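**Q** Before I ask anything, here is the structure I am working with.
The values are calculated or read from the model by the stated rules, or taken from the named source; none is laboratory data. Since this is a predicted model, take the numbers as computed values, not measurements. Reconstructed Cβ throughout: ideal geometry from the backbone, glycine too, with neighbour counts over all protein chains shown. Surface areas here come from the heavy atoms of the whole protein model, side chains and all, with no ligands, DNA or RNA. Shrake-Rupley method; radii C 1.70, N 1.55, O 1.52, S 1.80 Å.
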Amino acid sequence: MMRTTLQIQVTEMFFSVTTERVPARLNRAALFDDLVKQTHRQAYSLAFRLTGNSSEAEDLVQESLVRAYRFFHRYDESLPFSSWLYRIMANAHIDMVRRRGRLRTTSIEGSGADGSSTWDLPDPEASPDRLMLESALDEPVQTALMAMTPEFRTAVLLADVEGMAYEEVAEIMKTSVGTVRSRIHRGRKQLRSHLLKNAPETYRSLCDEL
Amino acid sequence: MNCKTVQSHLSAYLDRELSGEEMLDIRAHLSECFVCCEEETELRSLKRLLGRLPAIEPSGDLEQRLLAVVGAARTGERKPGRQAPFVLFAGVTACAMAITLAFLSKSHTTPAEATMQSQDIAFEAQRIHDYTGGGDAYGAPIVSAASYAGR
């Protein structure tokens, strides 16, 4: 009798495990698809700023999402998914640049000229002059970003464009807050020097406006 | 605090990433040092400028393409075991070798040409292997935008 009860329990356990697996996998797939839908636009924008062109940005987002899916079981839900995805993306980007063994300092596509890129609606509060200056400076900013090392570029973009705290940037870049602080400071100074050298008038006018 | 120390902390000061005491020390220095104050203003403008960069919108079909790629990764994951791709690879390689030998024995192909053909076939076999179940160092399948676009 005992044996029969045990057998029934084991059988029930087996069936409960096997029947739960299928919905869990489906749920996981559906959940991941939702996360892709929610995060891909922002991820693409960051990827474009990191890589400087739309085709590499698409590749980077795609590669990062596939890696994220592979390691989704390790995702800690207490963190925003976008932070986790950015961590994968930042590392994939640095790997990509190192693999290539060179920095892209020329051939900056996009920045409005690229057919696949469109811009946000203008801020109605902003003055027309400032909007014009901002759009005029977008390409020099992207060029200056591409002249930086990937580590500096990533730190500056995460802090200044994504508005993240140093601790969050450190978490994403798997480094210390002190290193992040130094990368952001040196990165901003490099960016400023580049803009002062390549687009001094526009940059100066915009700084006066801001 | 001297100018050098203040200037090295200016970004962290702007980002409010210093201790309360350091923030107060720098603020006190800035109120009496024109050079550091100018530097602070410039870095603040740059930070604002970066914060105002427009978001770049992806092309309309990116979402669908990404979902398709993730879907393909999912399908690859469901393949039973990790042995199947290796068996397939071994089979394809054996066939490639057999075909190469047949070519070498029956045709007048020069050895150099034969090697080229063999390499092409081996490359195709490797590509099939990569696509069906192989992956990169991270276990992710090698599916690039270029290969996706080609499908």
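**Q** Just by accessible area at a 1.4 angstrom probe, what is the order of B:MET97, B:MET23 from largest to smallest?
**A** Sorted descending by solvent-accessible area, the residues read B:MET97, B:MET23.
**Q** Continuing with this model, one more query. Determine the order of B:PHE103, B:PHE34 by accessible area, beginning with the largest, at a probe radius of 1.4 Å.
**A** My answer, sorted largest first, is B:PHE34, B:PHE103.
**Q** Specify the inter-centroid distance of the stretch B:1-75 and the stretch A:143-207, based on alpha-carbon positions, in whole Å.
**A** If we compute the Cα centre of each part, the gap is 7 Å.
**Q** Probe radius 1.4 Å, ligands and nucleic acids ignored: give me the carbon and sulfur share of the accessible area of the stretch B:3-51 as a rounded percent.
**A** Looking at the stretch B:3-51 in its full context, I get 51 percent from C and S.
**Q** Can you pull out the trypsin sites (Lys or Arg not before Pro) in the stretch A:130-210 whose DSSP state is coil and whose Cβ has at most 13 other Cβ atoms within 10 Å?
**A** Loop-located and lightly packed - A:LYS174.
**Q** Once each part is reduced to its C-alpha centroid, what is the distance from the stretch A:52-67 to the stretch A:83-103 in angstrom?
**A** Using only Cα atoms to place each centre, the spacing works out to 10 Å.
**Q** Accessible area per residue, 1.4 Å probe, Å², for the stretch B:3-51: what's the number?
**A** Result: 54 Å² of accessible area for each residue.
**Q** Still on this structure, please answer the following. For B:GLU21 paired with A:ASN198, estimate the spin-label separation in nm (one decimal), with each label point 7 Å from Cα along the Cα-to-Cβ line.
**A** Each label point is offset 7 Å from its Cα along the Cβ direction, giving 4.2 nm.
**Q** Moving on to the next point. For B:MET97 and B:ARG44, compute 0.36 nm times the residue count separating them, minus their Cα-Cα distance, and round to one decimal in nm.
**A** 12.5 nm
**Q** Can I ask one more? How much accessible surface does B:GLU22 have with a 1.4 Å probe, in Å² rounded to 10?
**A** 60 Å²
**Q** At 0.36 nm per residue, and after removing the present C-alpha to C-alpha distance, how many nm does the segment from A:SER176 to A:THR149 gain when stretched out fully?
**A** So the chain would gain 7.9 nm between A:SER176 and A:THR149.
**Q** Right, something else. Please give the FRET efficiency for B:ARG74 paired with A:ARG99, using the beta carbon to beta carbon distance and R0 = 25 Å, rounded to the nearest 0.05. Write out the running numbers ahead of the final one.
**A** Working: r = 26 Å, r/R0 = 1.06.
Here the calculated transfer efficiency is 0.40.
**Q** Suppose R0 equals 22 Å; then what is the FRET efficiency for A:PHE71 and A:ASN27 from their Cβ-Cβ distance, rounded to the nearest 0.05?
**A** 0.80
**Q** Related question: In square angstrom and rounded to 100, what buried accessible area do you get between chains A and B, total over both, with the probe at 1.4 Å? Walk me through the intermediate numbers first.
**A** On the way: alone 13340 and 11720 Å², together 20030 Å².
Interface between A and B: roughly 5000 Å².
**Q** Anything losing 20 Å² or more of accessible area from the isolated chain to the full protein assembly: pick those residues out of the stretch A:139-171, probe 1.4 Å, ligands and DNA/RNA ignored.
**A** Hits at the 20 Å² cut-off: A:VAL141, A:ASP160, A:VAL161, A:TYR166.
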